[in-house]
1. Express in whole angstrom the spacing between the alpha-carbon centres of region 51-103 and region 116-162.
2. Counting only trypsin sites (Lys or Arg not before Pro) that are in a DSSP loop and have at most 14 other C-beta atoms within 10 Å, tell me the longest site-free stretch of the chain.
3. Under 1.5 on a/c is rounded, so check that first for region 184-333, then, if it is not, pick prolate when a/b is larger than b/c and oblate when it is not; a ≥ b ≥ c are the square roots of the alpha carbon gyration tensor eigenvalues.
4. Normalise the Cα radius of gyration of region 141-181 by 2.2 N^0.38 Å (N = residues in it) and let me know the number.
5. Largest first, please: the extent of the C-alpha atoms of region 250-333 along each principal axis, to the nearest Å.
6. What span do the alpha-carbon atoms of region 1-156 cover on each of the three principal axes, reported in whole Å from largest to smallest?
7. For the chain, what are the per-bin percents of Cα-Cα distances with bins 20 Å wide, up to the bin holding the maximum?
8. What is the ratio of the Cα radius of gyration of region 117-246 to 2.2 N^0.38 Å, where N is its residue count, to two decimals?
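Since every read-out is calculated from the coordinates, none of them should be taken as a lab result. The structure displayed is predicted, hence computed values, not measured ones. Cβ sites come from the backbone with ideal geometry, for glycine too, and all protein chains shown count toward neighbours.
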Amino acid sequence: MPDDAAGEDDYRVVVGEECFDWRQLPDSGLAEALDTLAELLEPLADGHRAAFLDAAYDTECRPSVTLLDALYTPDAGLPTDERRLLQQLLQKCRIVSPGEADLPCPVRRADAPDSDWRESSWGMAHALARAAAGRATSCLWPSYASAAQDWPSGWITVARRTEAGEDAVRLHLLRLPGETPGFWRAIFTAESVPAERFFDLTPDAFPDLLFAESLRLNHFKGAYVDVLPWLVALLGALNDQFTQALSACAGDQKQVIARFAAMGLDISPESPNTKRNAKAWEQRNVAYEDGVEYRCEWHGKRLWDRDRVHFSLPIPAQGNRVLIGIFADHLDT
């Protein structure tokens with residue numbers, strides 16, 4: 001990972017000026033666009049996850065109205081509540097002044113024809129520069145941004161022309177709120193995040209999971225580099241699907257198991273033999289907050305005889321989130 005990964009420059013999301021281009025929106029659609037932008041920004045605006053280039057204040061966001069005027073002039077046309085919320089969210093982002101590497105340059109999707117070259121925004125240029133330097137980066141472009149309606153959400157390859165020549169850069173586009181966890185998950189393997197930093201990313205990558213403090217990645221038998229892709233895939237599926245699958249299948253364990261098997265993941269509840277073994281069953285109890293214990297009675301396994309993740313059923317007292325309680329080679333059965 002880049003040398004400053006743990007420092008003040010470890011932001012991963014860059015707010016593109018396309019977020020503020022509301023010139024083509026009717027007045028009736030402006031409040032909805034601002035609500036969408038706020039929903040995208042709210043979980044990121046904490047001083048270190050997202051950055052905002054100060055050059056964006058000069059963006060024309062409404063006809064003949066700059067972003068600076070729109071934010072701080074009450075009669076500039078933005079709805080009052082939405083304007084104040086956007087002010088607060090942008091103030092919580094890291095403010096960055098453009099450098100030489102951030103000069104807007106011609107860009108296009110790498111799979112698009114040559115006729116699709118267009119000038120990038122400052123934010124896009126900055127995001128591409130960071131991505132080219134080896135940091136997995138997302139550029140925030142809401143779905144309403146007309147400048148890039150033909151650019152898909154998620155990971156794309158962007159061709160760009162700079163003074164050094166033409167290259168292709170892998171970049172993430174964040175256009176819809178539900179896509180944020182997927183971006184954070186991709187960082188694990190894109191940068192081969194070391195084991196000691198694994199849990200730094202878990203709150204963003206798996207927001208509906210809880211992680212016991214006792215978890216240790218070296219408790220797996222497999223090497224970390226081998227376990228990591230499977231672990232990220234399993235945790236992502238548990239975050240997104242496990243609670244919903246239990247509900248949709250009315251608790252039918254075989255159906256839940258089949259749904260995960262279709263994703264290439266092997267999960268199951270503990271066997272009756274394990275439940276009858278008092279010592280083994282006790283090993284599945286995991287303390288979380290204030291010493292309260294929860295039983296991690298399901299597990300996922302990487303191989304038939306090794307590398308297991310033990311987890312709980314959804315916990316009502318914890319907002320129906322699932323506790324990831326044990327990383328292990330193999331517990332007693």
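1. 19
2. Maximal segment without exposed cleavage sites: 24-215.
3. It is rounded, given that a/c, with a ≥ b ≥ c, falls under 1.5.
4. Ratio of Rg to 2.2 N^0.38 Å for region 141-181: 1.34.
5. Taking max minus min along each principal axis of the Cα atoms, region 250-333 gives 37, 29, 21 Å.
6. 44, 40, 26
7. Over the chain, the share of Cα pairs per 20 Å bin runs 28, 48, 22, 2 percent.
8. 1.23
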